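**Q** Have a look at this one.
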């Protein structure tokens, strides 16, 4: 299940959906949050924008790729858009599988490719200015490592 939404999500509810399967041997989750630093120190809040329709299609494609690589039961990708404050949850990645290695690898794969392929744009606000955040080389390098395997 993939969702792009403005409202917050409940990690416990999402975990319960992932784990509700007697064949499930492992559940791995990741939550990304708004922090007080990014490209600049002193971030006070941010705004996330996306390309509706295309964003959801890319998330579905990334999920399908992960399912081709690993034996997965349930997959959840939630990404918030709109204005967000410090400590707000931004993204939830959840994976369940019969095996922990598959769940861990798939979770990392999903966030690496979400960060490099999904059309989201982040604008950080500090006390002094607002600016759009550029793509990070480290995110691209993390995604490229999956092609080396």
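**Q** Out of the residues in region 102-123 that are surrounded by fewer than 17 Cβ atoms within 10 Å (Cβ to Cβ) and part of a helix (DSSP H, G or I), state the one that is farthest from the chain's Cα centre (by Cα).
**A** Here the residue is 104.
**Q** Look at region 70-88 and say how many of its residues are touching a helix residue (DSSP H, G or I) at 6+ places or on another chain (Cβ under 9 Å) and assigned to a strand (DSSP E or B).
**A** Of the residues in region 70-88, 8 are touching a helix residue (DSSP H, G or I) at 6+ places or on another chain (Cβ under 9 Å) and assigned to a strand (DSSP E or B).
**Q** Condition first: touching a strand residue (DSSP E or B) at 6+ places or on another chain (Cβ under 7 Å), surrounded by 17 or more Cβ atoms within 10 Å (Cβ to Cβ) and within 17 Å of residue 95 (Cα to Cα). Now tell me which residues in region 48-74 satisfy that.
**A** Across region 48-74, the qualifying residues are 59, 63, 66, 70, 72, 73, 74.
**Q** Another question, if that's okay. So which residues in region 124-143 are in a helix (DSSP H, G or I), surrounded by 10 or more Cβ atoms within 10 Å (Cβ to Cβ) and out of contact with any helix residue (DSSP H, G or I) (no Cβ under 7 Å at 6 or more places or on another chain), if there are any at all?
**A** Within region 124-143, 141 is the sole residue that qualifies.
**Q** Taking residue 45 and the conditions (1) over 16 Å from residue 6 (Cβ atoms); (2) at pLDDT below 95; (3) assigned to a strand (DSSP E or B), which numbered condition does it fall short on, given that it satisfies the others?
**A** (1)
**Q** Counting only residues that are touching a strand residue (DSSP E or B) at 6+ places or on another chain (Cβ under 9 Å) and part of a loop (DSSP other than H, G, I, E, B), which one in region 8-19 is surrounded by the most Cβ atoms within 10 Å (Cβ to Cβ)?
**A** Across region 8-19, the extreme among qualifying residues is 9.
**Q** For region 20-38, give me each residue that is more than 19 Å from the chain's Cα centre (by Cα) and either in a helix (DSSP H, G or I) or loosely packed, with under 15 Cβ neighbours inside 10 Å (or both).
**A** Across region 20-38, the qualifying residues are 20, 21, 22, 23, 25.
The values are calculated or read from the model by the stated rules, or taken from the named source; none is laboratory data. All of these numbers come straight from a predicted model, not from anything done at the bench. FYI the Cβ positions are ideal-geometry reconstructions off the backbone, even for glycines, and counts take in every protein chain you see.
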